[in-house]
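Here's the structure we're looking at; comments come further down.
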Amino acid sequence: MNILILGSGGREHTFAYKIAESKRCEKLFVAPGNAGTASIATNVELKVTDFEAVKKCVLENNIEMVIVGPEDPLVHGIANYFAETSELQNTMLIGPSKRGALLEGSKQRAKEFMMQHNIPTAAYESFTAESLEAGIAFLEKLKPPYVLKADGLAAGKGVLILKDLNEAKQELENMLTHSKFGEASSKVVIEEFLDGIELSVFVLTDGKNYKILPTAKDYKRIGEGDTGLNTGGMGAISPVPFADDILMKKIEERIVKPTVNGLSEENIDYKGFVFIGLIKVNNEPYVIEYNVRMGDPETEVVLPRIKTDLVDLLEATYQQRLNTINIEIDERSAATVMLVSGGYPEDYEKGKGISGLENIKDSFVFHAGTKTEGGKTFTNGGRVLAVTSLDDDFRKALKKSYQNIEKLSFDRMQYRSDIGFDL
Ligand code: AMP
Ligand code: GLY
C-alpha cells in the first residue's frame, strides 16, 4: 500500500525508516519531511494543519494509510476530518479523534480524565483570570516548588516550576491576565510538585486493546547535568533501566488499563499512540502528562527496537484488532544523541553545510531539521540530527553514537555528552 507520514522531524524520519523496511509498503510519502526522509521517500510540501492539502495529497497518490507525527493536526481534528470526508473514509488514519487529542490539548481535561478514572497524578486546581485571587490563595496553601501549567498547547514551554512564592504569584498573573503563553494560558493548572525520577511509557491502542511499547527516558535541558533551558529533547535511551517488572506491572494496572478503559467508556475514538509522561516517587508511578503522539527524540530509540512489521501493527490498530497481533521487541538497548544548532533553544542560524554523513558506521542518523540543496545537506532547524545506536546496554550504545558523532560536523554544532548520566 501507499503510505503518507505527516511531519518533518527526527520522529518522522524514524517512522519513514521503519515503514520503508516493510514489505507491505509500496510508495512512501512524507509531508513536509526533511533531507533524511527525501532519501527514502517522496517529500510533499504542505502544512500539516492544512487538511485540504493533505486530502489532495492522499487522493492524488492513492494513499491507504496516513500516520500523523505531531500533535497539532490531531488537536485540530484531522481524524474527524478523515472520518467525515466521504473520499477519505477508507483511508486508515493513525491518530486519535479531536476528543481523544484533548488529553494533550488541554491540561485541565487531562487532569479531569485522570480523576474520573482513578489514575494516580499530582493534586491540582485550575484557574482563569476571573479566579486569579483564588489561584493566589491556592498557591499560599502549597509548599514550594510551585508548578504552573498553561492549559493549552504552548510548544512544550507552558510549564513553569518556581521556588519562590512571590514569583509564582507574579507568573500566575502573567499567564492569566497578560497572556504569557497567549490563549494557551487563559486557563492555568496549578499542581502539587512531585519529587522523583521521570520516564515515559508508550502505548499503541485501537481504543479497546493496547500494546505497551518500549519505555524511554529523554533529556530535555540544553545543558549537561540537566541545566539550562528546556528543549524539545537532547537525547534519549530505551529501555529505562529502573523500569523493572514490578514498576511496569503497577504502570500497566494503575495507569495503562484505566486510560484505555476510560477512553472506551467515554466512547472516544482513539486509534493511535498514547505517550504517558510519568514520575516515579518512592517506587510509585504518577502521571505528569499525556501526549497523543509519539515523542521526539523518544521515537528514535523506541521504534528501532520494535521488530514486528510496523505496517501490520498500525493496520491492526486501525481495524481494532490489536489483540490478534504479537509484538516482538529487540532485547538490546537503544540510545540517541541530538546534534543541535548553536544558540538553540533560543535564536540560531540555519543553512549550515553538514559533513561526514557518509562516514557513519553502526549507527542510524535520523534527520530532524535538515534540507537538501544541489545534492548537499544543510541544517534547517534547531534540532538537526539524532544519532541512534543499539547495543547490549545503553552505555555501549551511547559509546557508538558518540564515536560516530566525532565524524559529523556543521558550524556551531552542539550536543550533550552526558546522556544517561543519572542512571
Ligand atoms: P509537562 O509539559 O506537563 O510534561 O511538564 C514539563 C516538565 O515539567 C515535566 O517533564 C516535568 O519535568 C516537570 N513537571 C511537570 N509537572 C510536574 C509536577 N507535578 N511535579 C514535578 N515536576 C513536574
Ligand atoms: N520529547 C518530548 C516530546 O516529544 O514531547
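A few comments on the model shown:
- Selection count where residues are within 16 Å of ligand 2 (Cβ to nearest atom) and open to solvent by 20 Å² or more (accessible area, probe 1.4 Å), scope the range 198-225: 5
- Selected residue [over 26 Å from ASP72 (Cβ atoms) and surrounded by fewer than 19 Cβ atoms within 10 Å (Cβ to Cβ)] from ASN267, ASN282: ASN282
- Residue match in the range 379-388 (condition: touching a helix residue (DSSP H, G or I) at 6+ places or on another chain (Cβ under 9 Å), open to solvent by 20 Å² or more (accessible area, probe 1.4 Å) and outside any loop (DSSP other than H, G, I, E, B)): yes
- The range 98-108, residues that are under 15 Å from VAL274 (Cα atoms), away from ligand 2 (no atom under 16 Å from the Cβ) and either more than 17 Å from the chain's Cα centre (by Cα) or not small (Gly, Ala, Ser) (or both): LYS98, ARG99, LEU102
- Pairs where the first residue, in the range 204-225, is within 12 Å of MET338 (Cα to Cα) and hydrophobic (A, V, I, L, M, F, W, C) and the second is at pLDDT 95 or above and buried (at least 20 other Cβ atoms within 10 Å of the Cβ), C-beta under 7 Å, 6+ apart: ILE222/MET234
- Picking from residues in the range 318-347 that are among the β-branched types (Val, Ile, Thr) and more than 18 Å from ALA236 (Cα to Cα), the one that is least open to solvent (accessible area, probe 1.4 Å) is ILE325.
- The range 236-255, residues that are over 19 Å from GLU112 (Cβ atoms) and part of a helix (DSSP H, G or I): ASP245, ILE246, LEU247, MET248, LYS249, LYS250, ILE251, GLU252, GLU253
- All positions within the range 84-96 that are out of contact with any Pro (no Cβ under 9 Å at 6 or more places or on another chain) and within 14 Å of GLN319 (Cα to Cα): GLN89, ASN90, THR91, MET92, LEU93, ILE94, PRO96
- The condition of being more than 28 Å from PHE193 (Cα to Cα) and in a helix (DSSP H, G or I) holds for GLU87.
- Residues in the range 268-295 that are without any contact (Cβ under 8 Å) to a residue 60 or more places away in the chain and of a type in the set (A, V, I, L, M): 0 in all.
- Among the candidates MET115, MET175, the residue that is more than 16 Å from ligand 2 (Cβ to nearest atom), part of a helix (DSSP H, G or I) and in contact (Cβ under 8 Å) with a residue 12 or more places away in the chain is uniquely MET175.
- Summed over the range 5-32, the residues that are away from ligand 2 (no atom under 14 Å from the Cβ) and over 14 Å from ARG383 (Cα atoms) give a count of 19.
- Tallying residues that are in a loop (DSSP other than H, G, I, E, B), within 11 Å of ligand 2 (Cβ to nearest atom) and out of contact with any Pro (no Cβ under 9 Å at 6 or more places or on another chain) within the range 264-297 yields 3.
- Top-ranked residue in the range 127-162 [being over 22 Å from ASN230 (Cβ atoms) and either within 16 Å of ligand 2 (Cβ to nearest atom) or in a strand (DSSP E or B) (or both); ranked as least open to solvent (accessible area, probe 1.4 Å)]: PHE127
- Among the candidates VAL260, VAL240, residue that is among the β-branched types (Val, Ile, Thr), more than 23 Å from LEU423 (Cβ to Cβ) and in contact with a strand residue (DSSP E or B) (Cβ under 7 Å, 6 or more places away or on another chain): VAL260
- Filter result (over 12 Å from the mean Cα position of the chain (by Cα) and among the β-branched types (Val, Ile, Thr)) within the range 302-334: ILE306, THR308, VAL311, THR317, THR324, ILE325, ILE327, ILE329
- Boolean, VAL274 is at pLDDT 95 or above and buried (at least 20 other Cβ atoms within 10 Å of the Cβ): yes
- Where a residue in the range 144-172 is free of Cβ contacts under 8 Å to residues at least 24 places away in the same chain and its partner, wherever it lies, is within 16 Å of ligand 2 (Cβ to nearest atom), with Cβ under 8 Å and at least six apart: VAL159/LYS149; VAL159/ALA150; LEU160/LYS149
The values are calculated or read from the model by the stated rules, or taken from the named source; none is laboratory data. In this text the structure is predicted, and so the values were computed from the model without any measurement. So basically every Cβ, Gly included, is an ideal-geometry build from the backbone, and we count neighbours across all protein chains shown. Please note that ligands, DNA and RNA were not included when accessible areas were found on the heavy atoms of the full protein model with its side chains. Shrake-Rupley method; radii C 1.70, N 1.55, O 1.52, S 1.80 Å.
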